[in-house]
Amino acid sequence: MMTARLPRNPESGGRSPSTAGVVSAAQPPIDEPRAAWAVGTVMAVTPCSARDARRVLGAAAKTAGITSAEVAAAMAADARGVAMPAHVERALHRAVAMARTVSHRAVCVGLMPSRARTAEVLAEFRHCQSRLTAAPSDMRARQALDDAAYTLCVLLGRTGVHEAVLAAEQHLTTPA
């Protein structure tokens, strides 16, 4: 699947993939455990906000010619050992890669935060990311990662989470 093996989806209960609650890239996400699990997984793996994770799922669905609910169902099945259809996997890989693309127009100009504060916020982000990786459908873990991602973006003056993580890592590794 993506760069890391997807965590197990405990909510699936062996059910067959459902297409109830059909969603397009422009519509709000479906409200079922499988979709919440898929959003949490994309948030943890990409990294990105919940809004961006829903966009990733929507973009993958559009590319694959299926619904977001079907992408979520394919991800859940893949986590249980049922191979994801190749066209869905390719579409998901492309959507994640696009979400990780750094915008060169959003270069930070101004004061940088202290290294200590940057390290603290990045550590909190990584902790929330690992918490969400362990339990992708946990709404509190999703909210905590969303909050930590927002803090990191604001602190570093970046618009994308992946871009903010890269900027924080660079800020911490460059000499003073």
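Computed quantities for the displayed model
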quantity	calculated
Residue among Leu166, Leu172 that is over 18 Å from the mean Cα position of the chain (by Cα), part of a helix (DSSP H, G or I) and over 12 Å from Ala44 (Cβ atoms)	Leu172
Selection status of Ala119, at pLDDT below 95 and in a helix (DSSP H, G or I)	no
Test result for Leu145, part of a helix (DSSP H, G or I), in contact (Cβ under 8 Å) with a residue 60 or more places away in the chain, of a type outside the set (Gly, Ala, Ser) and closer than 16 Å to Pro47 by Cβ	yes
Check on Thr159, in contact with a helix residue (DSSP H, G or I) (Cβ under 9 Å, 6 or more places away or on another chain), closer than 26 Å to Ala79 by Cα, touching a residue at least 12 places away in the same chain (Cβ under 8 Å) and open to solvent by 60 Å² or more (accessible area, probe 1.4 Å)	no
Test: residue in region 6-14 that is at pLDDT below 50 and over 19 Å from Asp138 (Cβ atoms)	yes
Where a residue in region 79-104 is closer than 29 Å to Cys153 by Cβ and its partner, wherever it lies, is surrounded by fewer than 15 Cβ atoms within 10 Å (Cβ to Cβ), with Cβ under 6 Å and at least six apart	Ala79/Arg8
The listed residue being part of a helix (DSSP H, G or I), open to solvent by 10 Å² or more (accessible area, probe 1.4 Å), within 28 Å of Pro175 (Cβ to Cβ) and hydroxyl-bearing (Ser, Thr, Tyr), out of Thr151, Thr133	Thr151
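The values are calculated or read from the model by the stated rules, or taken from the named source; none is laboratory data. Keep in mind it's a predicted model, so treat the numbers as computed, not measured. Note that we place each Cβ from the backbone using ideal geometry, even for glycine, and neighbour counts take in every protein chain shown. Calculation scope for accessible area: heavy atoms of the full protein, side chains included, ligands and nucleic acids excluded. Shrake-Rupley method; radii C 1.70, N 1.55, O 1.52, S 1.80 Å.
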